[in-house]
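The structure appears below as structure tokens.
The values are calculated or read from the model by the stated rules, or taken from the named source; none is laboratory data. Everything numeric in this text was worked out from a predicted model, so none of it was measured. Virtual Cβ from ideal backbone geometry, glycine too; neighbours counted across all protein chains shown. Just the protein is used for accessible areas: all its heavy atoms, side chains included, with ligands, DNA and RNA removed. Shrake-Rupley method; radii C 1.70, N 1.55, O 1.52, S 1.80 Å.
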Amino acid sequence: MENTSRPPFGRPVAACLPSSEASQRPATPMSDKWALLRDLTTGAEAFGLGHRTLSVLKALLTFWPERELPADPDEAIVFPSNRVLSERLSGMPESTLRRHLAKLVETGVISRHDSPNRKRYARSKSGVIGIAFGFDLSPLARHAETLASAAASVTAQRERIAVLRARLGMLRQRLAEEDAPDVLIDAARLMLRRRASEQDLAELVSRLEAALPTPELVEPSLQPITETTKMSASVARNERHIQETDKAISDSESAPTSDAAPTESSGSAETQNAITVPMITDACREYRAFFPDQPRGWHDVVSISQRLAPMLGIDPPVLQEAQRIMGHERAAVTVLCLLERASEIRKPGAYLRRLTQVARKGSFSVSAMLAAASRRAPTPALA
């Protein structure tokens, strides 16, 4: 005769009910334990759980032999000792293990079923477990819908934040092109460097959008091709634009940028033909305090400029935009010339950004800037 007069403290419900009554209990749905853990990991911040606590939960789940986890109370009890759990967690200290187990119980992810002496063990009856004391994993399965909802909410929020960060980067670039106040550009740069909330990102995006001028909508007109139009015979989709280069050097660095002013192409051909490395080393001498070795070619000049740019306070996006518009060689010469005037230019980064905008319009002369630097260079004394 089975004794059921003892209180069912820490005992499975099925072990305390007659076999006929236990067989009549309705079956509850089963859940994939690894899918539950994945959802809980995604929404861990919403439940205040850290990765170490989730590692302890994962170790507990490995002691449940089946992949499916029942939602019935007291039907998914595991009873590993602290020593065995610590071994499975690569030697986690027992004090740390107890703290994370208490966190799981406090959150409601698992529940405890302690024996009278608080030991974890099981007793078998007829080859099956009749009673077990340990940690019940069934609360995890009962909260399957809550975990899935939290995971979906966190995923949607991460996607919204990613869109806001991408939009913030685009607005920052547009503000730089429009020569907007540096305070707005710096605010966007600092926001992108930290882990900002969705609300903070949305507020800054609204501020930057309000600071941009409203673009004028111009209706495009279709121009029919006349018979006298000469079409190129090239089969290339994008053809190269060839522009004549004026190699004349202006007499002043502050020459007016009018239609009569000399313009230069956006490639590196003008730099390599009209400007030579010896011309650069003769006109620009401040770089020698940092790089005393003589540059042997354009590759060394570009490398020196890229290493000098952070020292001048030029951000990588500003330098990359200058290289894209001017070409690597012309941008390198410009940086070396800016170093010559470092004591006069308050913000070299903003100055280079403005020069890039002028170069985009085809009105910037690197030759003139180099000529001005050459006139500033001290003439070597005669022996």
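Per-structure values
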| quantity | calculated |
| --- | --- |
| Solvent accessible area, Å² - Arg288, 1.4 Å probe, full protein context | 90 |
| Efficiency of FRET from Cβ geometry, Arg193 and Arg341, R₀ 30 Å, rounded to 0.05 | 0.55 |
| Under the Karplus curve 6.51 cos²θ - 1.76 cosθ + 1.60, θ = phi - 60°, whole-Hz ³J(HN,Hα) for region 362-369, x wherever Gly or Pro sits | x, 10, 10, 10, 5, 4, 5, 5 |
| Net length gained if the chain between Trp64 and Ser153 were fully extended (0.36 nm per residue, minus Cα distance) | 29.2 nm |
| Distant-in-sequence amide H partners of Leu137 (H built 1.01 Å from N, under 5 Å) | Ala76, Ile77, Val78 |
| Sequence of Trp34, Trp64 when ordered by accessible area, the most exposed leading, probe 1.4 angstrom | Trp34, Trp64 |
| Rounded to whole Hz, the Karplus (6.51, -1.76, 1.60) HN-Hα couplings of region 84-93, x for glycine and proline | 5, 4, 4, 5, 6, 9, 6, x, 4, x |
| Gain in span if fully extended, Asp179 to Ala35, counting 0.36 nm per residue against the direct Cα distance | 46.8 nm |
| Mean separation of Cα contacts under 8 Å (6+ apart) over length of region 296-383, as relative contact order % | 29 |
| Residue-span extension gain [Ser95 to Lys119] - 0.36 nm each, minus C-alpha spacing | 7.0 nm |
